[in-house]
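Presented below is the structure to which this report refers.
What follows draws every value from the coordinates through simple rules; no lab data is involved. Please read all numbers here as calculations on a predicted model, not as lab measurements. Virtual Cβ from ideal backbone geometry, glycine too; neighbours counted across all protein chains shown.
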Amino acid sequence: MDLNLIVPVCMVLVCKYADKKPLQEFELLAYEQACCTLESVLKDFRKIWETTNEFENYSK
């Protein structure tokens, strides 16, 4: 998974569809998938970040 590609694409999809009502079914699916992907990536990033010294240095 190439995060350099996936994260920007998901962010664009989330921003594009966030305020648009009503969404077409394919737009809703794209929006939901983008949100889930971003949430997953951010959780993984936080886990990695918290296990490094960077978290300790930042939280002081």
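When you count, for each residue, the other Cβ atoms within 10 Å and take the mean per peptide, how do 34-40, 44-50 rank with the highest first?
Values: 34-40: 15.0, 44-50: 10.9.
Descending packing order for the listed peptides: 34-40, 44-50.
Once the Cα-Cα distance is subtracted from the 0.36 nm per residue extended length, the Cys15 to Leu28 segment shows a gain of 3.4 nm.
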